[in-house]
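**Q** What follows is a structure written as structure tokens; I'll ask about it next.
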Amino acid sequence: MPLVIMCGFPCSGKTKRTEQLRLYLEQNTEKKIRVVGDAALGLDRNTVYADSQKEKEVRGALKAEVERKINKDDIVIFDSLNYIKGYRYELFCLIKHTQTPHCLVYCLTSPEVSSAWNLQRDVTEQYSPDILDALVLRFEDPDSRNRWDSPLFTVQPDEPLPFEAISDALLKRKAPPRNQSTQSQPLSSTNFLYELDRVTQDVLTVIFNAQKTSVSGDCITIPGATEKLEVSRNINMAELRKLRRQFISYSKSHPTEDCGQITNMFVQYLNKSLV
């Protein structure tokens, strides 16, 4: 189900907006609303954001929690800074893989407002001035022209959330299409890899043996292939093995569900590569 990514400076009202959105969606949809955020981890913000390695580990833990929560029945709201463009892209790849819509809610404040709101917090929950300034400086603004930041809802401190528009973006939009990097490839259509390895090795053996009696210009018949291999020169085994490795690598990312076509595909590949 859909994912809402909250985004903004520290102390920009993200958690307040998250709660408002959660209540609205619970009252106006039949979905269960799940919230993932920094607060659930019980971490000291200043300790985490002062150490790049710890921060990276926390981001990984939060992303993993989002991935666990996404399912066909619930809406997930991710309440965190989400200030790194590359991280938001990773979340976009996640929703493409799980085939669910998403949107980004950007709580826009000035550094001065965030600093003032930070001082209004309990001392134990405040960001130190240095950490807050560093996070504001590193913040990468979302841009609706980027597909991973779209649809984007930018909300000023004195504006209400566009509840209906957010709900429509989550529930009335289709999920983004999968691409080669996010699709599950049918590699383990149990014997695909085995057949790929076996068939290509058998073809190499046929070619090697045929070359013992053939001359340049001959066509070699490969069992299982409708096309013949055109031999314009003598091909050494090292070159054939290199082409076999290249073909296997390509086939792993562009697999066929019809293993019977592997021989033909390999012969076609060799004919194109050996010109």
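What follows draws every value from the coordinates through simple rules; no lab data is involved. Keep in mind the model is a prediction, meaning the values are calculated, not measured. When we count neighbours, we look across all protein chains shown, and the Cβ atoms used for this are built from the backbone with ideal geometry, even at glycine.
**Q** Placing +1 on the Cβ of each Lys and Arg and -1 on the Cβ of each Asp and Glu in the chain, which of A116, I131, P2 has its Cα farthest towards the positive end of the resulting dipole?
**A** In the chain, that residue is P2.
**Q** May I pose another question? Please work out whether segment 1-116 counts as rounded, prolate or oblate from its C-alpha gyration tensor, where a ≥ b ≥ c are the square roots of the eigenvalues and a/c under 1.5 means rounded, while otherwise a/b larger than b/c means prolate and anything else oblate?
**A** Details: a/c = 1.80, a/b = 1.29, b/c = 1.40.
It comes out oblate by the Cα gyration axes.
**Q** OK, next. Looking at this model, which pairs from K14/K174; K31/K72; K14/K54; K16/K96; K31/K69 are more than 18 angstrom apart at the alpha-carbon? Walk me through the numbers on the way to the answer.
**A** On the way: K14/K174 26 Å; K31/K72 10 Å; K14/K54 22 Å; K16/K96 28 Å; K31/K69 13 Å.
Flagged as over cut-off: K14/K174; K14/K54; K16/K96.
**Q** Within segment 229-253, list the residues whose amide N lies under 19 Å from a label point set 7 Å along Cα→Cβ of N209.
**A** Backbone N within reach: 229-231, 235-238, 240-241.
**Q** Rounded to two decimal places and with Rh computed the Kirkwood way over Cα pairs, what is Rg over Rh for segment 1-65? Display every interim value, and only then the final one.
**A** Details: Rg = 13.7 Å, Rh = 13.5 Å.
In segment 1-65, Rg relative to Rh is 1.02.
**Q** Need one number: % antiparallel among DSSP beta bridges in the chain, to the nearest 5. Working shown, then result.
**A** Numbers: 2 of 21 bridges.
Bridges in the chain that DSSP calls antiparallel: roughly 10 percent.
**Q** Grab the beta carbon distance between K16 and Q261, set R0 = 51 Å, and tell me the FRET efficiency rounded to 0.05.
**A** Details: r = 57 Å, r/R0 = 1.13.
Calculated transfer efficiency: 0.35.
**Q** What FRET efficiency comes out for A238 versus E195 if R0 is 22 angstrom and r is the Cβ-Cβ distance? Round to the nearest 0.05.
**A** Numbers: r = 24 Å, r/R0 = 1.10.
E(calc), rounded to 0.05, equals 0.35.
**Q** Ranked highest first by the average count of other Cβ atoms within 10 Å around their residues, in what order do 9-15, 137-143, 107-113, 264-270 fall?
**A** 9-15, 264-270, 107-113, 137-143
**Q** Could you give the radius of gyration (one decimal) and Dmax (whole number) of the Cα atoms in segment 93-169, in Å?
**A** Cα-based Rg and Dmax for segment 93-169 come out at 15.5, 42 Å.
**Q** While we're looking at this one, here's another question. Which of (i) 19.7; (ii) 23.4; (iii) 26.2 is the computed mean projected area of the Cα convex hull in nm² for the structure on display?
**A** The value computed from this structure is option (i).
**Q** Segment 68-220: D in µm²/s via Stokes-Einstein (Kirkwood Rh, Cα pairs, 20 °C, 1.002 mPa s)? Could the numbers behind the result be given before it?
**A** Working: Rh = 20.6 Å.
D, rounded to a whole number, is 104 µm²/s.
**Q** Which value, in debye to the nearest 20, describes the size of the charge dipole of segment 212-275 about its Cα centre when Lys and Arg Cβ atoms bear +1, Asp and Glu Cβ atoms bear -1, and nothing else is charged? Mind dumping the intermediate values first?
**A** Details: 9 positive and 6 negative charges, 71 e Å.
Using only the charged Cβ atoms, the result is roughly 340 debye.
**Q** Using 0.36 nm times the number of residues separating D74 and E125, minus their current alpha carbon distance, what extension gain do you get?
**A** On the way: separation 51, 0.36 × 51 = 18.36 nm, distance 2.97 nm.
So the chain would gain 15.4 nm between D74 and E125.
**Q** Let me ask something else. State the extension gain, in nm to one decimal, for the chain segment bounded by D158 and E67, taking 0.36 nm per residue of separation less the distance between their alpha-carbons. Let's see the in-between values first.
**A** Values: separation 91, 0.36 × 91 = 32.76 nm, distance 3.24 nm.
Taking 0.36 nm per residue and subtracting the Cα distance, the gain is 29.5 nm.
**Q** Please list, by residue number, every one of the trypsin sites (Lys or Arg not before Pro) in segment 55-107 that is coil in DSSP and has at most 15 other beta-carbon atoms within 10 Å. Before the final figure, lay out the partial values.
**A** Values: sites: K56, R59, K63, R68, K69, K72, K85, R88, K96; in loops: K72.
Sparse-neighbourhood loop trypsin sites (Lys or Arg not before Pro): K72.
**Q** Please give, to one decimal in nm, the separation of the simple spin-label points placed at V113 and A175, each 7 Å out from Cα toward the Cβ.
**A** Modelled inter-label distance: 3.5 nm.
**Q** So what's the projected area for segment 186-273, the Cα convex hull averaged over all directions, in nm²? Mind showing how you got there, number by number?
**A** On the way: hull surface 20.7 nm².
So the mean shadow area of the Cα hull is 5.2 nm².
**Q** Next question. How much mean residue ellipticity at 222 nm does the chain get from its helices, if each DSSP H run of length 4 or more adds -39500 (n - 2.57) and you divide by all residues, to the nearest 500 deg cm²/dmol?
**A** Numbers: 11 runs with 132 residues, N = 275.
One gets -15000 deg cm²/dmol as the mean residue ellipticity at 222 nm.
**Q** Separate question: Given Cα pairs under 8 Å that are at least 6 residues apart, what percent is the relative contact order of the chain?
**A** Working: 358 pairs, mean separation 57.6, N = 275.
Dividing the mean separation by the residue count of the chain yields 21 percent.
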